[in-house]
Amino acid sequence: MMSARQDPWELDLLGHWQLRQGGVVVDVAPRQQRIIAALALLGSRPRSVLAELLWPATPEARAAGNLRTGMWKISHDLPDVLSITSDSLALAPRVTLDVHRLQERIAAIASPATRPDPADIAALESAVLLPGWYDDWVITEQERADQRRLRALEVLAGKFLAAGDGARCSEAAGVAASIEPLRESPIQLMVQGHISTGNYYPALRAFEDFRALLIDELGVEPSPRLQHLITEITVGR
C-alpha cells in the first residue's frame, strides 16, 4: 500500500484554502499558503518577481528573505509540493488543483454538445476563489475567476431556457446576477425563465429590483429590449 508521503497533494482554492495528502488535511502557515496559492494561480515565476508580488511594500532584500524562509518551510514540511530551480519556483506536477477541475467543468458547459446539468449551478455558485483574501494580486485573480463563472452561468441559463426548463434558467441566471448585479444579461435570462414558466410576478420583481439598482447606481434605465419583455407580460395580462 502507498504511504501518505507518496500520495499526491490536493490543493483547494475555491471556497477556502486547503491542502490535503491521502485525504488528510495539512496545517500550513499563512506565509506558505500565499506562496503556494500564487504559484497555483500564476504558474512558474522567477523568485524576484514572486517576492515583489507577495511583499510589494517590503524592501527587496527583506522580501527575498521572506520568500527564502517560506520556500525552506514548504520544502521541509511539504515535500514534493514545490519545483525549484536556480531562479524560479513552480508547483510540482503531483499537486492537483480544484481550480483546474473547475476550468474543465466550465469548458464542458461551453461545449454545444453538453446538455445542461443542474449540479453545475451549485458548483459554480460555491466556486468563490480564496474568499477573505485581499492582496492586490489575489483580487485581480478573483475578478478574472468571477468573470469565468459569470459567463459559464449565462451559457448554462441559456441552455436550460432552450431545453424548456425555465426554473433552472432563472436559478442559474440569479447566481450570475449575484456575481455582477449591474449586468443586464443575467436579468434578461432570469426574466425569460420566469415568463416561460408563467411566473410573471417573479419576472416583474426581478425587473423592478434591477431597474431600481441601475437608476440608483448609474442613473440609467434598463435597455429597451428588457423593458419590452416586461411590457409584453404587463399588457398581455
### Query
Using only helices, what value at 222 nm comes out for the chain when you add -39,500 (n - 2.57) per DSSP H run of length 4 or more and divide by the total residues, to the nearest 500 deg cm²/dmol?
-20000 deg cm²/dmol
### Task
Compare Ala113, Ala152, Ala64 in a GNM of the chain, Cα atoms joined below 10 Å, and give the one with the largest fluctuation.
Ala113
### Message
Between (i) 0.94; (ii) 1.27; (iii) 1.10, which entry matches Rg/Rh (Cα atoms, Kirkwood Rh) as derived from the coordinates of this structure?
### Response
(iii)
### Message
Give me the 1.4 Å probe accessible area per residue for the chain, excluding ligands and nucleic acids, in Å².
### Response
54 Å²
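Ranked highest first by the average count of other Cβ atoms within 10 Å around their residues, in what order do 188-197, 26-35 fall? Let's see the in-between values first.
Working: 188-197: 22.1, 26-35: 16.5.
Output ranking for 188-197, 26-35: 188-197, 26-35.
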### Summary
On the accessible surface of the chain, probed at 1.4 Å with all protein chains in place, carbon and sulfur together account for a percent value of 53 percent
### Summary
Residues whose modelled amide H sits under 5 Å from the amide H of Ala92, counting only those 5 or more places away in sequence or on another chain, are Leu82, Ser83
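The values are calculated or read from the model by the stated rules, or taken from the named source; none is laboratory data. Here the structure is a predicted model, which means the values were calculated and not measured. Neighbour counts are summed over all protein chains in view; Cβ atoms, including those assigned to glycine, are modelled from backbone coordinates with ideal geometry. Surface areas here come from the heavy atoms of the whole protein model, side chains and all, with no ligands, DNA or RNA. Shrake-Rupley method; radii C 1.70, N 1.55, O 1.52, S 1.80 Å.
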